[in-house]
1. Restricting to the range B:42-64, what's the tally of residues that are in a helix (DSSP H, G or I), under 21 Å from B:Y106 (Cβ atoms) and either of a type outside the set (A, V, I, L, M, F, W, C) or free of Cβ contacts under 8 Å to residues at least 12 places away in the same chain (or both)?
2. Those residues that are under 15 Å from the mean Cα position of the chain (by Cα), outside any loop (DSSP other than H, G, I, E, B) and either more than 12 Å from ligand 1 (Cβ to nearest atom) or surrounded by fewer than 19 Cβ atoms within 10 Å (Cβ to Cβ) (or both), I need them from the range A:109-142; list them, please.
3. Looking only at the range A:69-82, decide whether some residue is closer than 17 Å to B:S61 by Cβ, crowded, with 21+ Cβ neighbours inside 10 Å, within 12 Å of ligand 1 (Cβ to nearest atom) and more than 16 Å from the chain's Cα centre (by Cα).
4. Please name all residue pairs, on different chains or six or more residues apart, with Cβ atoms under 9 Å, provided the first residue is in the range A:45-60 and is at the interface with chain B (Cβ under 9 Å from one of its Cβ atoms) and the second residue is within 11 Å of ligand 1 (Cβ to nearest atom) and aromatic (F, W, Y).
5. With a cut-off of at least 2 residues that are within 16 Å of ligand 2 (Cβ to nearest atom), name the helices (runs of 4 or more DSSP H) lying wholly within the range A:1-108.
6. Among the residues of the range B:41-74, write down those that are in contact with a Cys (Cβ under 9 Å, 6 or more places away or on another chain) and more than 16 Å from ligand 2 (Cβ to nearest atom).
7. Does the range A:86-106 contain any residue that is within 12 Å of chain B (Cβ to nearest Cβ) and surrounded by fewer than 16 Cβ atoms within 10 Å (Cβ to Cβ)?
Amino acid sequence: MSPRAKGIFGGEVLNRIQIKLPAISVNEGMARSAVASFVSQLDPDVGELADIKCAVSEAVTNCIVHGYRASTGLIYITVTLLEGRAVKIEIRDRGCGIPDVRAARQPLFTTDADGERSGMGFTVMESFTDGVRVRSKVGVGTTVVLLKRLATRAPL
Amino acid sequence: MTHKADLVCDTAGEQMLVRVRGEIDHHTAADIRNGIDGALFEKRPRRLIMDMSAVTFMDSSGLGLIMGRLSVIRQLGGELVVQDPSEAISRIITLAGMERAIDIRYTDGERRTQQKTAARRRRKASRTEGKVAK
Ligand SMILES: Nc1ncnc2c1ncn2[C@@H]1O[C@H](COP(=O)(O)OP(=O)(O)O)[C@@H](O)[C@H]1O
Ligand SMILES: [Mg+2]
């Protein structure tokens, strides 16, 4: 990420929402719509909103499918709207963690080929946002931070 | 709010047409997969056509769903066609390089060019917008 983008994501907080929901698959749709509806107050264009929904869906699905593969638990989502039309979305689980984050982020890498996973989740998150940060610790959990800068819209 | 997907299977001769509608994610993919595979093993068509024109959302679980059906239909000695992917899903399909692995067809030859022109127009518009804003 460019230094400029970093600065923007460190800007003043305009609004924030926290969502805590059980890691069950029906909540994949719930989570992405809730985030999209919160971000809507910045009046993003349809494409930007579609990108955010898809990236959130990937991160939330990973908590359910991988993080809590052998357990149950909660998913914690924090969405922060920052000055300069920047959106920061943090998605956290207290699941199994990722032993090698760098390997996990490679396109097509999956530990669950039987489950018809494509291994493209991180690649989608990266392509549909302006920055992805992953912090993970085995036995403790995983936090994914998605950064998205919305385009400035021409005044009508 | 509910997030649903459903499908309609229609078999005529050697060909099975499956129309998938709604949102495809890991949650909804399970039912879609079971629905398609059930019909495939029963009818054993030579060709499976997945019409995806009415898919409104798809994440990488949908890529897994498509690749999974490709492998099932191949086991049955048949082939897969993905038909008219909606604009909502064409980006993720391109991102995954799926055009190389999957036969993607457009029933209306015009449509593809129209979509491309529309995308180009939008990109141009957003560039112009950016300039105006600065
Ligand atoms: N929240 C998580 N907890 C534990 N492991 C994870 C998590 N997210 C991702 N992973 C690991 O990273 C791999 C790659 O993830 P991803 O790119 O989304 O592909 P996929 O979900 O299709 O496997 C997963 O297979 C899994 O091993
Ligand atoms: Mg994934």
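1. First, pick out the residues of the range B:42-64 that are in a helix (DSSP H, G or I): B:42-43, B:60-64.
If we keep only those that are under 21 Å from B:Y106 (Cβ atoms) as well, we get B:62-63.
In the following step, the residues that additionally are either of a type outside the set (A, V, I, L, M, F, W, C) or free of Cβ contacts under 8 Å to residues at least 12 places away in the same chain (or both) were identified as B:62.
Count: 1.
2. Selection gives A:E126, A:S127, A:F128, A:G131, A:R133, A:V134, A:R135.
3. Of all residues in the range A:69-82, those closer than 17 Å to B:S61 by Cβ come to A:69, A:75.
Within this subset, residues satisfying the condition of being crowded, with 21+ Cβ neighbours inside 10 Å are A:75.
Adding the requirement that they be within 12 Å of ligand 1 (Cβ to nearest atom) leaves A:75.
Right, trim to more than 16 Å from the chain's Cα centre (by Cα) and you get none.
Looking through the range A:69-82, none of the residues is closer than 17 Å to B:S61 by Cβ, crowded, with 21+ Cβ neighbours inside 10 Å, within 12 Å of ligand 1 (Cβ to nearest atom) and more than 16 Å from the chain's Cα centre (by Cα).
4. A:E58/A:F122
5. So the answer is A:27-39, A:46-62, A:101-104.
6. B:K43
7. So far as the range A:86-106 goes, no, none of its residues is within 12 Å of chain B (Cβ to nearest Cβ) and surrounded by fewer than 16 Cβ atoms within 10 Å (Cβ to Cβ).
The numbers here are math on the coordinates, done by the rules we state, and not lab data. Every value quoted in this text rests on a predicted model; they were computed, and no experiment measured them. Note that we place each Cβ from the backbone using ideal geometry, even for glycine, and neighbour counts take in every protein chain shown.
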